Amino acid sequence: MDVFDGLPDPIVVDILNKVGDVRTLLRCSSLSKRFNSLVPQSESLLLQFEHPESDTPVVCSVFRSLFNSLHGLFSLFSKPAKPISTTSLSPNIPSKILSRFEKIRSLDVELPAGDLKLEKGAAVKWKAEFGKTLKSCVVVAFRSAATVSPPVNECSSAVDGESDAEFVTGLNTRVVWTISALMAASSRHYLMRDVVKEHEEMESLVMRDREGEGVVVMDTEGLREFRKTEARGEYEERVEKNRRSVVPSVRMSMRHAPLLKLKSGICLESATLVIVRPSGADNGGDDADLATEAFAGDCMYGEAVVALLKRKKNALEMNSF
């Protein structure tokens, strides 16, 4: 007897959970009747959208055979095309891919590229938490980074003063960075709406891109809120028209430094930290806690957050869009 055949079903399902990758699991489902029945019971999944040109013809053929009835899906895995972003996908695509899975509890989704188009040298990194709509978003951005020698002993700004013109120009740029991050986050949230509604046992959803630009998080409470909240007709019309979730009216805590030197010796130009929360909502915790948690484990961005939290805070408000 095949030793693997002697393993109890719960152990096999646990092994499948360790595999996680949706494409691998769906290939496994074609191996035997037993795998075909056990694969849909996988609870922890990783759904990766690849650059189409990265797949070999053989892999494309196998994956295509598993989804020969899903129109519009194969272009993601076959012919060379533009990099995939949330704007090139619709909610029904991940929903169809995951339709065979019955007990999803934890889902990680990975896009091959970020959504923002920035000036050369600029970088924006963000983390957003959602329920039915945006609950919070932390954005860290800078125009350019360079290594200086010797490294400074303290995180500080080399330039404390700005002219009025420089402040206004810089403020416009920081607002554009923030709006771009919020639009990218709301597009990703929109992309997973059908999956969240259809898989009621899901307790955790994380959506990121391979470049590390941004992360959307929905925890158990946020997922439950999304399913239970009845959307108004006008709200749904805006969502479908824009192909992204509506960003509510928000208040922003913005901190910046024209030139920020880090302990590591890296110097960031126009370093910016923005913490976004819906207007009228509970504070949801201290700015420092929210910002440091969002970039915990990221050396440069985490260090930049700590340094920028010491800077003067500017409060702004923005209408829903």
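The values are calculated or read from the model by the stated rules, or taken from the named source; none is laboratory data. Keep in mind that what you see is a predicted model, and the values were worked out from it rather than measured. Because the Cβ atoms are built from the backbone with ideal geometry, glycine has one as well, and the counts that use them run over all protein chains shown. Just so you know, the surface numbers come from the protein's heavy atoms only, side chains and all, with ligands and any DNA or RNA stripped out. Shrake-Rupley method; radii C 1.70, N 1.55, O 1.52, S 1.80 Å.
Side notes on the structure shown:
- Label sites at THR292 and GLU166, each approximated as a point 7 angstrom past Cα along Cα to Cβ, lie 3.0 nm apart.
- Fully extending the segment from ASN314 to GLU237 would add 24.4 nm, taking 0.36 nm per residue of separation and subtracting the current Cα-Cα distance.
- Computed over protein heavy atoms with a 1.4 Å probe, the carbon and sulfur contribution to the accessible area of region 180-321 reaches 46%.
- Region 114-136 residues near the modelled ARG105 label - backbone nitrogen below 14 Å, point 7 Å along Cα→Cβ: none
- On the basis of the beta-carbon distance and an R0 of 22 Å, SER264 and VAL206 show a calculated FRET efficiency of 0.20.
- Here the mean projected area of the convex hull built on the C-alpha positions of region 1-51 is 3.8 nm².
- Taking label points 7 Å from Cα along the Cα-to-Cβ direction, LEU118 and ASP5 give a separation of 5.6 nm.
- Using the average count of surrounding beta-carbon atoms within 10 Å as a protection proxy, the listed peptides 4-15, 102-113 rank, highest first, as 102-113, 4-15.
- Accessible surface of region 96-141 [probe 1.4 Å, protein heavy atoms]: carbon and sulfur percent: 46 percent
- Per residue, the solvent-accessible area of region 209-321 (1.4 Å probe, heavy atoms of protein chains only, all protein chains present) comes to 51 Å².
- Taking every alpha-carbon pair in region 198-308 and binning the separations at 10 Å intervals from zero gives 11, 31, 35, 17, 5, 0 percent.
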